[in-house]
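For reference, the structure is listed below as structure tokens.
The values are calculated or read from the model by the stated rules, or taken from the named source; none is laboratory data. None of these values were measured; they are calculated from a predicted model. Positions of Cβ are generated from backbone atoms using ideal geometry, with glycine treated the same way; all protein chains shown enter the neighbour counts. Heavy atoms of the whole protein, side chains included, go into the accessibility calculation; ligands, DNA and RNA do not. Shrake-Rupley method; radii C 1.70, N 1.55, O 1.52, S 1.80 Å.
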Amino acid sequence: MKITIGSDHGAVQLKEEVKMVLKEYGDIEVTDVGTFGTESVDYPDIAEKICADVVSGKADRGIALCGTGIGISIACNKVKGIRCALCNDVYSAKMSRQHNNANVLAMGGRVVGFGPAGEIVRAWVEGEFEGGRHERRVNKIMAIEQK
Ligand code: RB5
């Protein structure tokens, strides 16, 4: 699986922790689109980079981080083809894959600790879309983009 990850200055450390969790799988190719320092940056710019990789197929999925996870998830969900789920708990992460086929995971670096974040990432990476009635609903979400 290919995953593009990015964060603003509010989650740079969390980004490194998440990359370590992804590295444990051994078969996940990670692209890091920054930011790489503590200097203030604008999360919509990072969101656009992550989502460009996902919608172009360069990445299968994306992970988007900012201080709360709120701003970057809102920005990601403005991009056609993106279903970004802000998950600061394991259950939501699991359901975002099973029911919503979320292709981008968002978390808040000032909200979740590194331990819980690792569990959230594992649940999301390993979660599989159930399809069926959920596919119908996801299709309806995607149809809204066309209106
Ligand atoms: C940046 O200070 C902060 O606003 C951002 O990381 C995020 O929390 C926005 O939703």
| In the stretch 6-64, how many are over 17 Å from Ala75 (Cβ atoms), in contact (Cβ under 8 Å) with a residue 24 or more places away in the chain and assigned to a loop (DSSP other than H, G, I, E, B)? | 9
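Would you be able to say whether some residue in the stretch 93-111 is in contact with a strand residue (DSSP E or B) (Cβ under 8 Å, 6 or more places away or on another chain), surrounded by 14 or more Cβ atoms within 10 Å (Cβ to Cβ) and at pLDDT below 95?
no
Look through the stretch 112-135, keep the residues that are more than 17 Å from Glu24 (Cβ to Cβ) and open to solvent by 40 Å² or more (accessible area, probe 1.4 Å), and return whichever of them is nearest to the ligand (Cβ to nearest atom).
Phe129
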| query | In the set Glu29, Glu24, Glu17, which member is among the acidic types (Asp, Glu) and surrounded by 16 or more Cβ atoms within 10 Å (Cβ to Cβ)? | reply | Glu17
| note | Pairs returned, first residue in the stretch 135-147 that is free of Cβ contacts under 8 Å to residues at least 60 places away in the same chain, second residue that is of a type in the set (A, V, I, L, M, F, W, C) and surrounded by 12 or more Cβ atoms within 10 Å (Cβ to Cβ), beta-carbon separation under 9 angstrom, 6 or more apart or interchain, are Glu135/Phe129; Val138/Phe129
| Conditions: (1) out of contact with any helix residue (DSSP H, G or I) (no Cβ under 7 Å at 6 or more places or on another chain); (2) within 30 Å of Asn139 (Cβ to Cβ). Ile46 meets all but one. Number of the miss? | (1)
| remark: Restricted to the stretch 32-41 and to residues being more than 15 Å from the ligand (Cβ to nearest atom) and within 18 Å of Val54 (Cβ to Cβ), the residue surrounded by the most Cβ atoms within 10 Å (Cβ to Cβ) is Val33
| request: Could you list all residues from the stretch 52-101 that are closer than 16 Å to Lys2 by Cα and within 16 Å of the ligand (Cβ to nearest atom)? | output: Ile63, Ala64
